[in-house]
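In what follows, a single structure is set out as structure tokens and then discussed.
The values are calculated or read from the model by the stated rules, or taken from the named source; none is laboratory data. It should be emphasised that the depicted structure is a prediction, and the values quoted were computed from it without experimental measurement. Cβ sites come from the backbone with ideal geometry, for glycine too, and all protein chains shown count toward neighbours. Ligands, DNA and RNA are stripped out before the accessible areas are found, and what is left, the full protein with its side chains, is counted by its heavy atoms. Shrake-Rupley method; radii C 1.70, N 1.55, O 1.52, S 1.80 Å.
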Amino acid sequence: MDSYEVDAIGYLVKPIDPVKFRKAVDKAITYHSLLIEEDQTEKEEKVEGLTDEHIFVKSDRRFFRVNLQDILFIEGLKDYVIIQMENQQRIITRMNVKAIHDLLLKNTFLRINRSYIVSRDHIGSFDNNDVFIRSYEIAIGNSYRDGFFEELMKK
């Protein structure tokens, strides 16, 4: 059965690597806390003030200025996105990956799988299967692979 059909948050293969297991558990905990917060806050999606340099993102009833050059990658978790910043800060907002990808500059941000958008400027290295941004390893999805390599080699 395809993991997307059952809305899986993570995917582990035996033998289970403790680091990958911890990452999957952390992801599940984050998603669970988002669901709890959703019941307590308003449900509107907010990204405002998009320019070539920054956006304002609504999170925790406040708008945060996010400099586009500081975004390492964006991770989708169902109806939320986690914006991972250069300074280890993470901003979580109610929006799906497609919606935020449509707003971002296509020459700067590349969608590499169903759940991740990466900043071209922060890619440290890559191989045929993964993109490496600092200590993060992000898988390149099969259906995104050709487009990723084509876009990356344009510049």
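Skip the ligands, DNA and RNA, and give the accessible area per residue of segment 110-155 with a 1.4 Å probe, whole Å².
Working: 2650 Å² over 46 residues.
In whole numbers, segment 110-155 has 58 Å² accessible per residue.
What does the charge count near PHE109 come to, summing +1 for each Lys or Arg and -1 for each Asp or Glu among other residues with Cβ under 11 Å from its Cβ? Once positives and negatives cancel, what remains is 0. Where Lys and Arg each count +1 and Asp and Glu each count -1, what net charge lies around ASP26 among other residues with Cβ under 13 Å from its Cβ? Summing Lys/Arg as +1 and Asp/Glu as -1 gives +4. Going down the table (LYS78/LYS106; LYS78/LYS154; LYS58/LYS78), which pairs top 29 Å between alpha carbons? Beyond 29 Å: LYS78/LYS154. Around the amide H of LEU72, modelled in the peptide plane, lie the amide H atoms of GLN84, MET85, GLU86, all under 5 Å away and 5 or more residues distant in sequence or on another chain.
Modelled this way, with points 7 Å down the Cα-to-C-beta line, the labels at GLN89 and ASN107 are 2.7 nm from one another. Spin-label pair LYS98-LYS23: with each label point 7 Å from Cα along the Cα-Cβ axis, the two points sit 2.6 nm from one another.
Between PHE63 and SER125, what length comes free when the chain is fully extended (0.36 nm per residue of separation minus the Cα-Cα distance, one decimal in nm)?
On the way: separation 62, 0.36 × 62 = 22.32 nm, distance 3.25 nm.
Result: 19.1 nm gained on full extension.
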